[in-house]
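Below is one structure, written out as C-alpha cells; the observations come after it.
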Protein chains: 2
Amino acid sequence: MGKLAVTAKYELQKYSTEVKNNGLLGIADALVAHTHEILMSNQIDIREAERSGMSEGLIDRLTLSADRIASMAEGLQQVASLPDPIGEILDRIDRPNGLRIIKKRVPIGVIGIFYESRPNVTADAFALCFKSGNAVILKGGSDAIHSNLAITNTIRDALSAYHLNPDVVQLIESTDRETATAFMKMDQYVDLLIPRGGAGLIQAVLRNSTIPVIETGTGNCHIYVDEYADMEKAIPIIINSKTQRIGVCNACESLVVHRKIMERFLPRLDTALKEKHVEVHGDVASAAILQDCIPATEEDFGREYLDLKLSIKTVDTIEEAIAHINQYNTKHSEAIITENKENAEKFLNEIDAACVYVNAATRFTDGFMFGFGAEIGISTQKIHARGPMGLKELTSYKYTIYGNGQTRD
Amino acid sequence: MGKLAVTAKYELQKYSTEVKNNGLLGIADALVAHTHEILMSNQIDIREAERSGMSEGLIDRLTLSADRIASMAEGLQQVASLPDPIGEILDRIDRPNGLRIIKKRVPIGVIGIFYESRPNVTADAFALCFKSGNAVILKGGSDAIHSNLAITNTIRDALSAYHLNPDVVQLIESTDRETATAFMKMDQYVDLLIPRGGAGLIQAVLRNSTIPVIETGTGNCHIYVDEYADMEKAIPIIINSKTQRIGVCNACESLVVHRKIMERFLPRLDTALKEKHVEVHGDVASAAILQDCIPATEEDFGREYLDLKLSIKTVDTIEEAIAHINQYNTKHSEAIITENKENAEKFLNEIDAACVYVNAATRFTDGFMFGFGAEIGISTQKIHARGPMGLKELTSYKYTIYGNGQTRD
C-alpha cells in the first residue's frame, strides 16, 4: 500500500486543478448514486455495534442515512469550489550571483489518517488530501469498517471511471493492532500522520510513530473573566462556549475569575449555568459564593470534561490567570473577557495557545468559522501547523532555483 | 531542566528585540574575553580524543583556537544584526460576524538540539534559538563535553550579567545513552528536537523521540545531464558540486546522464574528474566509455559517499532520470543541466526534493547562500520546514482574535 501510494502521489501531483475538481464532483455524484449500497454496509456495522452493546450516542455517530450521505457529497462539492493551494509562489529571492530562488507551495506527498467511528471522515479526509495533491492512506476504526470500505470503494471506482489513479486513496482493511502499529512505522512511504479521535488514539500514535505526527483535538479551553469584564458579554460567551455543543474540543472546560469581580459576577453566572444544568467544580473562594458547588481538585483543572461540567479558579491578578492557564491548558483555545485593552494585549501575547480570543466564544476555533472552507483537524502542537488546518496546512514547499552556470567559491 | 526551560521560554518571549540583540553582542564579547578558559577546557577534550585514538580529521573538527572563538563571536554578532522574526503579522482575516483574526509569528517554545563533535555549534545554535525567542536544551557529543560546558557557562554567565534568565540555554552534562533517550521523551517540556550530525544520530532520534523531530542533513544529491545540456556549464558545475567540499550534505554524489549526449560528454568529464582524483562507479553503458571505471552496483546509487567518489547512471529519457532520482535521493538537492526550458520545468516540478536547480551547483543549498544570514540545518522532510532553516523556520504562529461578544449559533 505504501508503494502504491508513492506511485499515486507522483501522478496526482501532475493533475491540473480542473481535473481534480471534476474528479471531486464526479465522486460526489457517485456517493449519492450508491446510497443504497453504502447504507447496506453501514447496517452491518450498526448490527454488530448493537450486538456488542455500544452506547446509543456512539451508534448515532456511526449511523449513516441518505441525508448524511448527501451531506458528504456536498462536502466534496465544497472542497471542489475552494482555491487550489498548489503552485502558489510564496517567495522570490534574487541573489547577487544571479541565482533566482523561487519558493513554491507543493503537496506533502502521502498522508496517513487514523480516525474513529464516524464514517463521513472517510470522504472528508480524502477530499482535502486529494485537492491539496496528497495521496492518502486511511485507517478507520473497526466499528465502521464496512461503511468505510463501501465509501472508499465508491470513491476508487469513480476515480477509475475518470481515468484517475484510484490509489490516491486506500483504506487499510485489517483492523488489528499489529497492522496499526506497522502503519505508524511506514516512514519510508508516508510523510505525515494525522490522528483524529480521542486522547487514547492520539497518544498511541505519538508514542509509536516514526512518521511525523500532527497532534490534534485535545482542548482544555479556559475563559478568563478579568476584573474589567463586561458581564453582559461574559455570561453569553461562557454559556455558549460551555453548552452550545459539549463533546467538542473547542468547548470551554474551565473558568478563571478575578477576585475583584467575583462577588458581583459569580451569582449571576451561577443562575445562568443552573438553567443549562452545568455542574460546577469551584475552588475555595468561588465555592463560598456559588450554590451547590462541588469542591474543585487539582485534577479538575487539568480535565477536558466534554460534558456539562465546568471548573472555576479564582485569581488575584491577570499574571496569576495567565500562569494558571499556561500550566493546565492543552494549547488549543483560550479567551479573556475584558474592556481593558492593556490586559487584552497582555493575555493575547502571553497565553500559549493556537487561538487566543478577546470577548468571543472559544467555539470559533474551526476551519469553517475561520473561513478556510474545510478542516482536517485542529493542531495543538507548534510544528508545521497550529490551530484549524485547512487545505494550505496540508502542503509543504520547495525551492526551485534558476541558474546559468553558477558554482560555489 | 525541562521545567527550567519552560519558565525561561515565557520570560524570553517578553524580551524586546533590543534586549535580545544587546544580549547577543554582550555574549560575543564574553566569549572572546574567556578565550583562555575555553581553550583550556578544549585541551582536555583533545587530550582525551588523542588518548582514545580519534582520527586527525575528527580531532581537527573538535579543536578550537583563538581564531575559531573569534568566529563564533562574529556569528553571534551576525545573528544580532538579522531582523527579528517574532511578532510579524502573517495574515489578517475579517469575518462576517465581526471577528478579526490576526495570524502572528511566535516562537516555538523549547527546542532540543542533538549534535556531534563540533563545539562551535553550542554558540551557533544558542544564538539562533535565542534570537527567535526559543529556549534551548543542548545535548552535544561526549567528545566535546568540556568545550561545550565552557562555552555554555560563558554564555550563561553573560546572560546573568545582563539580568537575563540564563536557563534560556542549558547543556545536558551527562553523556550516557540513557540520558539521551530520556531527553527524547521529554515531550511535556520540549516542543521540537533537531538532530545535527551523521545518519546514525538522526535515525536514533527519529526512532526514539516522542517529540516532533526535524530530520536534517542527509544528502544523496544528483546532477542530471540532459540531452540538451551545455557542456561548458555541465563540467564546472559537476566538478564544483563534487569536489569543492566533499564531506557536506549538499555535495553531488551521483550523475544521471542522457544516452544521447553520453558519447560526446563522458570522455570530457572523465578527464576533468581524473584531474580531481574522483573515483567513478558507472553503470554498464557509461563504464564502456569511461576509463578505469568501477562497475556501479545498486547500492552505489543509494550511497552518500561524502568522499571523492561519484556514481553514474545513464538513461534514455528525462522521465527515466526523474524516476531514478526520486527513487534514490534523500529529498535534499538535485540539479538538471539543460538549455531546454520545457525539460527544465518538468524536472523542477517533478523532482521531489527541498531544492531543485537548473544549471547551477547543488552546493548552494545553504542558509547563507540563500540569504537567510544563518542556518540551524537543512531539513530533508516536508513537515514544518524544508531546505535551509534560518530564523523564520524556528518559529510557529498563533491566531489572536478580537471580538465584541460573539457567540456561535
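The values are calculated or read from the model by the stated rules, or taken from the named source; none is laboratory data. Quick caveat, the model's predicted, so the values are computed rather than measured. Here the Cβ positions follow ideal geometry from the backbone for every residue, glycine too, while neighbour counts run over all protein chains shown.
Kindly establish whether A:ALA353 is under 18 Å from B:ILE108 (Cβ atoms) and either of a type in the set (Gly, Ala, Ser) or more than 7 Å from chain B (Cβ to nearest Cβ) (or both). Judged against the criteria, A:ALA353 is a match.
Each row is one residue, and each column tells you yes or no for (1) without any contact (Cβ under 8 Å) to a residue 24 or more places away in the chain; (2) under 21 Å from A:THR218 (Cβ atoms); (3) away from chain B (no Cβ under 12 Å).
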position	(1), (2), (3)
A:HIS281	no, yes, yes
A:ALA285	no, no, yes
A:ALA296	yes, yes, yes
A:GLU299	yes, yes, yes
A:LYS309	no, yes, yes
A:ALA335	no, yes, no
A:THR338	no, no, no
A:LYS346	no, no, no
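Out of A:LEU201, A:LEU193, A:LEU206, I need the residue that is assigned to a strand (DSSP E or B) and either within 14 Å of chain B (Cβ to nearest Cβ) or under 24 Å from A:ALA123 (Cβ atoms) (or both). Which one? Reasoning before the result, please.
Details: A:LEU201 fails: assigned to a strand (DSSP E or B); A:LEU206 fails: assigned to a strand (DSSP E or B).
The unique qualifying residue is A:LEU193.
Evaluation of A:THR63 against the conditions (1) free of Cβ contacts under 8 Å to residues at least 24 places away in the same chain; (2) hydroxyl-bearing (Ser, Thr, Tyr); (3) under 27 Å from B:GLU345 (Cβ atoms) shows that the sole unmet condition is (3). The set of residues in the range B:1-25 being in a helix (DSSP H, G or I) and more than 19 Å from B:SER81 (Cα to Cα) consists of B:GLY2, B:LYS3, B:LEU4, B:ALA5, B:VAL6, B:THR7, B:ALA8, B:LYS9, B:TYR10, B:GLU11. Got at least one residue in the range A:181-188 being assigned to a helix (DSSP H, G or I), over 22 Å from A:PRO119 (Cα atoms), away from every other protein chain (no Cβ under 14 Å) and at pLDDT 90 or above? Looking for residues that are assigned to a helix (DSSP H, G or I), over 22 Å from A:PRO119 (Cα atoms), away from every other protein chain (no Cβ under 14 Å) and at pLDDT 90 or above, one finds at least one in the range A:181-188, hence yes.
Could you grab me the full set of residues in the range B:86-126 that are part of a loop (DSSP other than H, G, I, E, B), within 11 Å of chain A (Cβ to nearest Cβ) and either touching a residue at least 12 places away in the same chain (Cβ under 8 Å) or polar (S, T, N, Q) (or both)? It would help to see each step written out before you state the result.
Just the residues of the range B:86-126 that are part of a loop (DSSP other than H, G, I, E, B), to begin with: B:86-88, B:95-99, B:108-109, B:116-119.
Keeping just the survivors that are within 11 Å of chain A (Cβ to nearest Cβ) gives B:86-87, B:95-99, B:108-109.
Within the range B:86-126, B:ILE86, B:GLY87, B:ASN97, B:GLY98, B:LEU99, B:ILE108, B:GLY109 meet the criteria.
Selection of first residues in the range A:238-264 that are under 26 Å from A:ALA323 (Cβ atoms) and of second residues that are aromatic (Phe, Trp, Tyr) and buried (at least 23 other Cβ atoms within 10 Å of the Cβ), restricted to Cβ pairs under 6 Å at least 6 apart or on distinct chains, gives the following pairs, ordered by first then second residue: A:VAL256/A:TYR224.
Working carefully through the options B:ALA73, B:ALA80, find the one that is surrounded by fewer than 23 Cβ atoms within 10 Å (Cβ to Cβ), closer than 19 Å to B:ILE38 by Cβ and among the hydrophobic types (A, V, I, L, M, F, W, C). Let's see the steps before the verdict.
Numbers: B:ALA80 fails: closer than 19 Å to B:ILE38 by Cβ.
B:ALA73 is the lone residue from the list that is surrounded by fewer than 23 Cβ atoms within 10 Å (Cβ to Cβ), closer than 19 Å to B:ILE38 by Cβ and among the hydrophobic types (A, V, I, L, M, F, W, C).
Evaluated against (1) part of a strand (DSSP E or B); (2) within 12 Å of chain A (Cβ to nearest Cβ), B:GLY371 falls short on exactly one condition, (1). Looking across the range B:209-235, just one residue is surrounded by fewer than 23 Cβ atoms within 10 Å (Cβ to Cβ) and free of Cβ contacts under 8 Å to residues at least 24 places away in the same chain, and that is B:GLU232.
Look at B:ALA80 and say whether it is under 30 Å from A:ILE351 (Cα atoms), within 14 Å of another protein chain (Cβ to nearest Cβ) and not hydroxyl-bearing (Ser, Thr, Tyr).
On the way: under 30 Å from A:ILE351 (Cα atoms): yes; within 14 Å of another protein chain (Cβ to nearest Cβ): no; not hydroxyl-bearing (Ser, Thr, Tyr): yes.
No; evaluated as a whole, the condition is false for this residue.
Number of residues in the range B:35-52 that are within 28 Å of the chain's Cα centre (by Cα) and either buried (at least 18 other Cβ atoms within 10 Å of the Cβ) or more than 22 Å from B:SER142 (Cβ to Cβ) (or both): the value is 8.
Residue count for the range B:374-394, restricted to those that are crowded, with 21+ Cβ neighbours inside 10 Å, more than 7 Å from every other protein chain (Cβ to nearest Cβ) and not in a loop (DSSP other than H, G, I, E, B): 7. Taking the criterion of being in contact with a Gly (Cβ under 9 Å, 6 or more places away or on another chain) and of a type in the set (Gly, Ala, Ser), the only residue of the range A:210-233 that qualifies is A:GLY217. Residues of the range A:356-368 that are at pLDDT below 95 and either facing another protein chain (nearest Cβ under 7 Å) or part of a strand (DSSP E or B) (or both): none at all. Could you tell me whether any residue of the range B:42-57 is out of contact with any Asp or Glu (no Cβ under 9 Å at 6 or more places or on another chain), under 20 Å from B:ASP124 (Cα atoms) and not acidic (Asp, Glu)? Scanning the range B:42-57 turns up at least one residue that is out of contact with any Asp or Glu (no Cβ under 9 Å at 6 or more places or on another chain), under 20 Å from B:ASP124 (Cα atoms) and not acidic (Asp, Glu).
Looking at the structure I just gave you, is A:GLN406 at the interface with chain B (Cβ under 8 Å from one of its Cβ atoms), closer than 22 Å to B:GLU393 by Cβ and out of contact with any His (no Cβ under 9 Å at 6 or more places or on another chain)? Reasoning before the result, please.
On the way: at the interface with chain B (Cβ under 8 Å from one of its Cβ atoms): yes; closer than 22 Å to B:GLU393 by Cβ: no; out of contact with any His (no Cβ under 9 Å at 6 or more places or on another chain): yes.
No, not satisfied.
Of the residues examined, A:ARG61 is one that is part of a helix (DSSP H, G or I) and modelled with pLDDT under 95.
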